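So the structure is just underneath, and the comments pick up after that.
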Amino acid sequence: MAKKLVSVLRGTPSWPPPLWLMRQAGRYLPEYRALRARAGDFITLCTTPELAAEATLQPVRRFGMDGAILFSDILILPWALGYGLRFADGEGPVLPRWQPEDTAGLDLRRLEVALAPVMEAIARVRVGLGEDTALIGFAGAPFTVACYMIEGGGSKDHARTRAIAYREPRDFEHLLAVLTEATITSLALQIEAGAEAVMLFDSWAGVLPTSLFRQYVANPAARIKSALGKQFPEVPVIGFPRLAGGQLGLYAAISGVDAVGMDTATDPALAASLVAPPVALQGNLDPVALLAGGAPMIAEVRRLLGALRGRAHVFNLGHGILPETPPAHVAELIALVRSGGETA
């Protein structure tokens, strides 16, 4: 019998809905901060199986979520392909600013060996999980990973990436094609290692107009979903085209994903009208409402649960947990969702 989270991701409604939270392993937990200090640097934390497995299990051990998401980072993929990556304190990820000739240096043959520690972490997590908790693997979507590579890190508007997409489409498409194949390989390896569902994070999907969104967001997601579906038809794929707004329906229809993640700004009722069942919806409580806790959080949770009751829905945030969030608020949230929005 399928675990509750996996069953809902496949399109079967459940009440109350299953729950996990983006960035549920992170700096808001004191045990994570201690683990991070022990690791020394972030890449070491992601690529040391014992540490990555422990980070994955910490929030599940404390709160009992229905899903455990692998502790890693979307930029581990270009790192595994041989592309430069470092994480600077207070600055975030730093990468070389991509030039068209750099694509030839992305070595798909490196992936299995470079990602072996990640796969070992997945195997360790499966051993440590309870029988009702599903393990979620993930990757960054090709467009979003390309954004970080082309900009050399984070960006407010991704103007260089968008300019290259318009002016140098052949070079841009070549980069996305390589990243798409690498993403398929990475997610397939994660499933073989024990992931029971996988998620595709396209954090910057919404910066593109509809014509480019279809070409560079929805089409690569379709290629990834199709390839994984042929190998692993029982493993659901969650797509998260953040900031996509009214393009959610287009994304769901073209990509063929099993579930669509909603960001904080998405109206869940609108999303339900745009994304046809049996595709599940995931999200989308404002992380700041979780930070606030109390009455504001309760009101938002009830609104969200009411909007999607009867629909295949995985309760989650619209983005990641903020580092300053009190763990007690997370415990309160889980109790509230599991009661169907009722308070003691």
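Sort out which residues of region 239-255 are among the small types (Gly, Ala, Ser) and either surrounded by fewer than 17 Cβ atoms within 10 Å (Cβ to Cβ) or part of a helix (DSSP H, G or I) (or both), and write them in order of number.
Those that are among the small types (Gly, Ala, Ser) and either surrounded by fewer than 17 Cβ atoms within 10 Å (Cβ to Cβ) or part of a helix (DSSP H, G or I) (or both): 245, 246, 249, 252, 253, 255.
Name the pairs whose Cβ atoms lie under 8 Å apart, with the first residue in region 278-293 and of a type in the set (D, E, K, R), the second assigned to a helix (DSSP H, G or I), and 6 or more positions between them or separate chains?
From residues that are of a type in the set (D, E, K, R), the pairs are 286/300.
Could you grab me the full set of residues in region 264-283 that are open to solvent by less than 10 Å² (accessible area, probe 1.4 Å) and either closer than 13 Å to residue 206 by Cβ or assigned to a loop (DSSP other than H, G, I, E, B) (or both)?
275
Residue-wise test of (1) farther than 24 Å from residue 262 by Cα; (2) in contact (Cβ under 8 Å) with a residue 60 or more places away in the chain; (3) in contact with a Lys or Arg (Cβ under 7 Å, 6 or more places away or on another chain).
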| site | (1), (2), (3) |
| --- | --- |
| 152 | yes, no, yes |
| 156 | no, no, no |
| 168 | yes, yes, no |
| 180 | no, no, yes |
| 190 | no, yes, no |
| 193 | yes, yes, no |
| 197 | no, yes, no |
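Quick check: is even one residue across region 56-65 in contact with a strand residue (DSSP E or B) (Cβ under 8 Å, 6 or more places away or on another chain), part of a loop (DSSP other than H, G, I, E, B), touching a residue at least 40 places away in the same chain (Cβ under 8 Å) and open to solvent by less than 10 Å² (accessible area, probe 1.4 Å)?
Looking through region 56-65, at least one residue is in contact with a strand residue (DSSP E or B) (Cβ under 8 Å, 6 or more places away or on another chain), part of a loop (DSSP other than H, G, I, E, B), touching a residue at least 40 places away in the same chain (Cβ under 8 Å) and open to solvent by less than 10 Å² (accessible area, probe 1.4 Å).
In region 21-38, what count of residues is obtained for those that are under 22 Å from residue 199 (Cβ atoms) and either out of contact with any strand residue (DSSP E or B) (no Cβ under 9 Å at 6 or more places or on another chain) or in a helix (DSSP H, G or I) (or both)?
Counting residues in region 21-38 that are under 22 Å from residue 199 (Cβ atoms) and either out of contact with any strand residue (DSSP E or B) (no Cβ under 9 Å at 6 or more places or on another chain) or in a helix (DSSP H, G or I) (or both) gives 5.
Which of the helices (runs of 4 or more DSSP H) contained wholly in region 90-175 include at least 2 residues that are open to solvent by 60 Å² or more (accessible area, probe 1.4 Å)?
So the answer is 111-114, 116-128, 159-167.
Suppose the filter is over 20 Å from residue 192 (Cβ atoms) and open to solvent by 30 Å² or more (accessible area, probe 1.4 Å); does residue 41 pass it?
yes
Which condition breaks for residue 291 when tested against (1) open to solvent by less than 10 Å² (accessible area, probe 1.4 Å); (2) part of a helix (DSSP H, G or I); (3) touching an Asp or Glu at 6+ places or on another chain (Cβ under 8 Å); (4) not polar (S, T, N, Q)?
It is condition (1) that residue 291 fails.
Picking from 225, 230, which residue would you name as being in a helix (DSSP H, G or I), of a type in the set (D, E, K, R) and without any contact (Cβ under 8 Å) to a residue 24 or more places away in the chain?
230
What about residue 161, is it touching a Cys at 6+ places or on another chain (Cβ under 8 Å) and at pLDDT 95 or above?
Against the criterion (touching a Cys at 6+ places or on another chain (Cβ under 8 Å) and at pLDDT 95 or above), residue 161 qualifies.
Step by step: first the residues of region 214-238, then only those that are of a type in the set (A, V, I, L, M) and in contact with a Pro (Cβ under 9 Å, 6 or more places away or on another chain), then the one that is surrounded by the most Cβ atoms within 10 Å (Cβ to Cβ). Which residue is that?
Ranking the candidates gives 217 first.
The values are calculated or read from the model by the stated rules, or taken from the named source; none is laboratory data. Keep in mind that this is a model prediction, so the values were computed, not measured. Note that each Cβ is placed from the backbone with ideal geometry, even for glycine, and that neighbours are counted across all protein chains shown. Ligands, DNA and RNA are stripped out before the accessible areas are found, and what is left, the full protein with its side chains, is counted by its heavy atoms. Shrake-Rupley method; radii C 1.70, N 1.55, O 1.52, S 1.80 Å.
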